[in-house]
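Below is one structure, written out as structure tokens, with a few remarks after it.
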Amino acid sequence: AQSVTQLDSQVPVFEEAPVELRCNYSSSVSVYLFWYVQYPNQGLQLLLKYLSGSTLVKGINGFEAEFNKSQTSFHLRKPSVHISDTAEYFCAVSPGANNLFFGTGTRLTVIP
Amino acid sequence: EAGVAQSPRYKIIEKRQSVAFWCNPISGHATLYWYQQILGQGPKLLIQFQNNGVVDDSQLPKDRFSAERLKGVDSTLKIQPAKLEDSAVYLCASSPAHNEQFFGPGTRLTVL
């Protein structure tokens, strides 16, 4: 079985400051890893994904994430956040070609 | 490229009433998913179609929920009768291949 834990339900951060959103997962098989962003009243948009290869993955809007197999983590980072980054962020795992298992989300609020 | 379309965007009904949601995936995407996202939680898969066949419906409450994907293109999700706990956002996603899912804007259902 797969599960995803996003330890921080809310993360406030000042504009232009760095941010890290934490994600840990558990799985009995190899998984693919994803981060999605959800803006108010919108669907989910893919930020980045890890399928294989380099453990440092770069995504859209200046975000990146690092896959750490030993710690079963896939934390999302951005060196300098903008007001427009205020949104809900979801970490997800996929055991193969099928469905996604999502965490409960982290609400990032960027403070001017 | 047009995205995943869903309608209606909002729906308010009373408990025990019926409701239906419609999804039109991105053209050419063989796989279609319906997710339920309860407030404060991550999306949870209800059903996955591959063309017009069901791949996974293990989380679909079949006593009240039904879904179909006639002709392997658009899909409808129905709830009959609705309960208070069905209040949620219903997200449709489609995928052209393994793992990358594209989400629609969702339908927000409120059951009174």
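Observations on the structure shown:
- Leaving ligands and nucleic acids aside, the A/B contact buries around 1600 square angstrom of accessible area in total at a 1.4 Å probe radius.
- Listed residues B:37, A:32, B:80: farthest to the positive end of the dipole of the protein assembly as shown (Cβ charges): B:80
- Taking B:26, B:47, B:38 as the candidate residues, the one with maximal mean-square fluctuation in a Gaussian network model of chain B, Cα springs under 10 Å, is B:38.
- Counted residue by residue at 0.36 nm each, then reduced by the alpha carbon distance between them, the extension gain from residue B:17 to residue B:112 reaches 33.2 nm.
- Its residue count N sets the reference 2.2 N^0.38 Å, and the alpha-carbon radius of gyration of the protein assembly as shown equals 1.02 times that reference.
- Listed pairs A:58/B:44; A:58/B:11; A:78/B:78; B:11/B:62 exceeding 29 Å between Cα atoms: A:58/B:11; A:78/B:78
- Alpha carbon centroid spacing (whole Å) that separates region B:26-70 from region A:73-100: 22
- Debye, to nearest 20: dipole size of chain A, +1 on Lys, Arg Cβ, -1 on Asp, Glu Cβ: 300
- A DSSP coil position with no more than 16 other Cβ atoms inside 10 Å describes the following trypsin sites (Lys or Arg not before Pro) in region B:11-86: B:15, B:16, B:62, B:64, B:83.
- Placing +1 on the Cβ of every Lys and Arg and -1 on the Cβ of every Asp and Glu, with no other charges, gives chain B a dipole of roughly 380 debye about its Cα centre.
- Entry for region A:3-111 at q = 0.12, 0.17, 0.22, 0.23 Å⁻¹: log10 I(q)/I(0) = -0.36, -0.74, -1.23, -1.33, Debye formula applied to identical alpha-carbon scatterers, no solvent contribution.
- Added length on full extension, which subtracts the Cα-Cα distance from 0.36 nm per residue, residue A:84 to residue A:60: 7.3 nm
- Most fluctuating residue given options A:27, A:73, A:54, as computed from a GNM of chain A linking Cα atoms under 10 Å: A:54
- Based on Cα atoms of chain B, Rg over Rh with Rh as the Kirkwood radius reads 0.95.
- Loop-located trypsin sites (Lys or Arg not before Pro) in region A:9-112, at most 11 other Cβ atoms within 10 Å (DSSP): A:69
- Heavy-atom surface of chain A, accessible at 1.4 Å and reported per residue (Å²): 48
The values are calculated or read from the model by the stated rules, or taken from the named source; none is laboratory data. The structure displayed is predicted, hence computed values, not measured ones. When we count neighbours, we look across all protein chains shown, and the Cβ atoms used for this are built from the backbone with ideal geometry, even at glycine. When the accessible area is computed, the model is the full protein with side chains, heavy atoms only, and any ligands, DNA or RNA have been set aside. Shrake-Rupley method; radii C 1.70, N 1.55, O 1.52, S 1.80 Å.
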